[in-house]
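See below for the structure under consideration.
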Amino acid sequence: MIDVQKIVEMQCETVAHWHTQPIDNPCQGFLADVCKQHSFNYQLWHEEDIARSPDADDSVIARVKRAIDGFNQQRNDWIELVDDHIARMLEENNVQVDETVRINTETPGSVIDRLSILALRIYHLDEQLGREDVKQEHFEKVRHRIAVCKLQQDELSRELQLLLDDMFAGRIRHRTYRQLKMYNDATLNPYLYEKQTSVA
């Protein structure tokens, strides 16, 4: 029903593509939601790089911090939307699940998010192998990290496929876990709503 290998391939291909072209979404259906979620990780990754620049002044850090908050919120929102899409697919396929079967504590959307980060990490580690300003020890460290990341990518994608197969066979229950972030909500973040009250 859902081919995890296609998800991984899309994540790796779009990371490379977006480094030379504007961010787009070439996918359809479920993969389009996965790609959208992945795009926020891509933007978040590069803002985080800027935030750690020692020569970034306060105005740059402030702009980057707000961008990071925004992309992180969208990243989390789209993890939930990916899980919601899976829930719809289960319903459309009339998957019957006994309420006594186990439920996975990590949702497929969360695993897909982790795979997205791994695709970004592998790409940027691979970039390091083209540097000419470092010693051999640097390349050895990078190659080791790439190997670890690729192992994690293989294991995560394999386990995600098993999880999804079990869900669509009715052997595991699926639930979208709501993260209910509070810091961006002006009615739930004390600093924001107390400031509004004091201004009024």
- Answer residue from the stretch 27-58, given it is modelled with pLDDT of 95 or more and assigned to a loop (DSSP other than H, G, I, E, B) and is nearest to LEU118 (Cα to Cα) among those: CYS27
- Item | Residue list for the stretch 94-110, filter: assigned to a loop (DSSP other than H, G, I, E, B) and in contact (Cβ under 8 Å) with a residue 60 or more places away in the chain | VAL95, GLN96, VAL97, ASP98, GLU99, VAL101, ARG102, ASN104, THR107
- Message: If I filter the stretch 67-82 down to residues being of a type in the set (D, E, K, R) and farther than 10 Å from ARG178 by Cα, which single residue comes out as surrounded by the fewest Cβ atoms within 10 Å (Cβ to Cβ)?
- Response: ASP69
- Within the set of pairs 6 or more residues apart or between chains, which connect a residue that is touching a residue at least 24 places away in the same chain (Cβ under 8 Å) and farther than 12 Å from GLN37 by Cβ inside the stretch 77-93 to a residue that is of a type in the set (Lys, Arg) and surrounded by 15 or more Cβ atoms within 10 Å (Cβ to Cβ) with Cβ atoms less than 6 Å apart? none
- the stretch 49-67 residues that are within 21 Å of LEU120 (Cβ to Cβ), paired with ones that are surrounded by 11 or more Cβ atoms within 10 Å (Cβ to Cβ) and of a type in the set (S, T, N, Q) (beta carbon under 8 Å, 6 or more apart): ALA67/GLN43
- Message: Looking for something at pLDDT below 75 and either surrounded by fewer than 16 Cβ atoms within 10 Å (Cβ to Cβ) or touching a Pro at 6+ places or on another chain (Cβ under 8 Å) (or both) - is there at least one such residue anywhere in the stretch 158-180?
- Response: yes
- Task: Please go through the stretch 108-151 and pick out each residue that is farther than 16 Å from ASN41 by Cβ and touching a Phe, Trp or Tyr at 6+ places or on another chain (Cβ under 7 Å).
- Result: LEU129
- Might you check whether a residue that is under 22 Å from HIS19 (Cα atoms) and in contact (Cβ under 8 Å) with a residue 40 or more places away in the chain occurs anywhere in the stretch 142-160? yes
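The values are calculated or read from the model by the stated rules, or taken from the named source; none is laboratory data. The shown structure was predicted, so the numbers you read here are calculated from the model rather than taken from an experiment. Virtual Cβ from ideal backbone geometry, glycine too; neighbours counted across all protein chains shown.
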